1. Tell me, for the chain, which Cys residues have no other cysteine's C-beta sitting closer than 4.7 Å.
2. Longest segment of the chain with no GluC sites (Glu not before Pro) in a DSSP loop having at most 12 other Cβ atoms within 10 Å?
3. Which values of log₁₀ I(q)/I(0), to two decimal places, follow from the Debye formula for the chain at q = 0.10 Å⁻¹ with a uniform point scatterer at every Cα?
4. Could you let me know the centre-to-centre spacing of the stretch 170-230 and the stretch 104-151, using Cα atoms, in angstrom?
5. Using θ = phi - 60° and the Karplus relation 6.51 cos²θ - 1.76 cosθ + 1.60, list the HN-Hα couplings for the stretch 120-133 in order, rounded to whole Hz, with x at every Gly or Pro.
6. Run down the lysines and flag those whose C-alpha is under 20 Å from the C-alpha of residue 226, throwing out any fewer than 8 positions away in its chain.
7. Mind checking the dipole of the stretch 9-222: about its Cα centre, +1 per Lys or Arg Cβ, -1 per Asp or Glu Cβ, Debye to the nearest 20?
8. Let me have the 222 nm mean residue ellipticity of the chain computed from DSSP H runs of 4+ only, each contributing -39500 (n - 2.57), with the sum over all residues rounded to the nearest 500.
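Any read-out appearing in this document is the output of simple, stated calculations on the displayed coordinates, not a laboratory observation. None of the values given here were measured: they were computed from a predicted structure. For neighbour counting, all protein chains shown are included, and Cβ atoms are generated from backbone atoms with ideal geometry for every residue, glycine included.
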Amino acid sequence: MPMTSDTTERGLERLICTMLTGSPCDPVPAGSVIAEPTAPYGGFGYICGNPSDYDREYCVDLAQLRTFLHATQPKVAEALNLLEDGPVRRRFLARLQGEISRRGTIHVLRNGIKDGPHSIDLFYGTPSPGNVKAKIHYEANRFSITRQLCYSRDETQLALDLGLFINGLPIATFELKNSLTKQTVADAVQQYKRDRDQREKLFEFGRCIVHFAVDDHEVRFCTHLKGKAS
């Protein structure tokens, strides 16, 4: 039988994820084993995120953040008790959220944060030649993409087509359209203006670096959502 093409938005989601990760990143049950990159990142080797791992209150992918910290700063990760939903973890996540709200995600990724006695790195840059430890840390960075990201703290049915993360911190969102279903990038733009409330933590200025409106022919982007003025 001849193969049929998926011309829906979901088909475009699966295509983008497959290009980045080697997998369509179809939804998996909560609590599944965390995916690992198939190759060094840089066009390929991204990781499939699980929407159930996204903490809507603190705007982080807890599984990716926890895995990154345990791999690179195990003593800090243990002290922060990231495996248990308790006051220690919540205090750290609130601190992280506050620093991002004040300084922006780029600053936090570049400089890390302090939480009590702990200095916490949240990203490792390109290592200098011959620095073995820095190379190990650099390769532990986790770039992930999540489909159908439920983001709203008040309405769990509100979801983005795609969210892009670095070490569990969201850096980009995507709304996808397919002209074969009579919708274009202009419809995605209107969706951001009309339906994506900038008062949501995920959409506040400085948290995500960019918001993409995409169809199969064109890409537009916005760095500061302002409702109709976006």
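1. 59, 150, 208, 222
2. Values: sites that count: 57, 84, 155.
Free of exposed loop sites, the longest segment is 156-230.
3. -0.47
4. 26 Å
5. For the stretch 120-133, the Karplus curve yields 10, 7, 10, 6, 10, x, 4, x, 6, x, x, 8, 5, 4 Hz.
6. Candidates past the 8-residue exclusion: 193, 201.
7. On the way: 27 positive and 27 negative charges, 139 e Å.
The dipole magnitude comes to about 660 debye.
8. On the way: 7 runs with 74 residues, N = 230.
Result for the chain, helices only: -9500 deg cm²/dmol.
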